[in-house]
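Worksheet: one structure, shown below.
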Amino acid sequence: MRLKFFTISVLTLFALLYTGCGEKKREKKTDRVTVDVKQKTVFELKDGNRTIKATLKDEGFAFDVAEPVVMLDFFATWCPPCRAEIPHLVNLQNKYAGKLKIVGVSIELKHPAEMKRFITGHDINYFVSNAPDNMALAAKVADMLHQPRNFSIPFMVLFVDGKYFRHYVGMVPEEMLESDIKEALKKVGK
């Protein structure tokens, strides 16, 4: 009986870690906002004092950052796989500083003090946007990739010089992300 319970517990843990958070797991207070994005082409991602502009282009986005490779990480603070991937994103941001810009895009609008506590509590070293444009950007990216607008999270999209390169649904091993980042950097000669 104990072995059966242990086996079920381990399988459940792996299922949670290797899947994303879907629509059903969302808390009432963090519902996504319905967004009409047909005319919107410039999105302002804000992390308090800093802003990154993402301008829609034919093959992706023009990001006003110095790094040639940008990874958008759509997440929520209540999502266990999203929180579990943070240390891996921190490692990648450290390892590829100056070449890779990781941008966390919260799909929930939190009070700035609450988001700051979350960022500090998880030792996040990359840009985390907590802005009204986040949902419009999420909808535009979902449309661009032919994904449902209520996609599972974490949902990451890798861009090279603003052009779509690859995307990931659910938690992805750090080694896989790093392999793709290396491949993306080869495209820009870094």
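For LYS110, a cut-off of 15 angstrom between C-alpha atoms picks up these aspartates and glutamates, skipping any fewer than 8 places away in its own chain: GLU27, ASP31, ASP47, ASP133. A simple charge model with +1 on the Cβ of Lys and Arg, -1 on the Cβ of Asp and Glu and nothing else charged puts the dipole of segment 33-190 at about 240 debye relative to its Cα centre. Annotation: amide H-H contacts under 5 Å for PHE151 (H modelled 1.01 Å from N, sequence separation of 5 or more, or interchain): none. The string of couplings for segment 75-83 from the Karplus curve (6.51, -1.76, 1.60, θ = phi - 60°) is 8, 9, 5, 8, 8, x, x, 5, 5 Hz, one whole number per residue in order, with x for Gly and Pro.
Around the amide H of ARG166, modelled in the peptide plane, lie the amide H atoms of LEU158, all under 5 Å away and 5 or more residues distant in sequence or on another chain.
Given axes a ≥ b ≥ c from the Cα gyration tensor, I'd like to know whether segment 32-190 is rounded (a/c under 1.5), prolate (a/b larger than b/c) or oblate. Show your work: numbers first, answer last.
Working: a/c = 1.37, a/b = 1.06, b/c = 1.29.
Because its axes are fairly even, with a/c under 1.5, segment 32-190 counts as rounded.
Residue by residue, segment 46-63 carries 3J(HN,Hα) couplings of 10, 10, x, 8, 9, 9, 10, 9, 10, 9, 5, 10, 4, 9, x, 9, 9, 9 Hz when phi is fed to the Karplus relation 6.51 cos²θ - 1.76 cosθ + 1.60 (θ = phi - 60°); x denotes Gly or Pro.
We did not get these values from a lab; they are worked out from the coordinates using the rules stated. Predicted, not measured: the structure shown is a model, and the values here were computed from it. All Cβ positions, glycine included, derive from the backbone under ideal geometry; neighbour counts span all protein chains shown.
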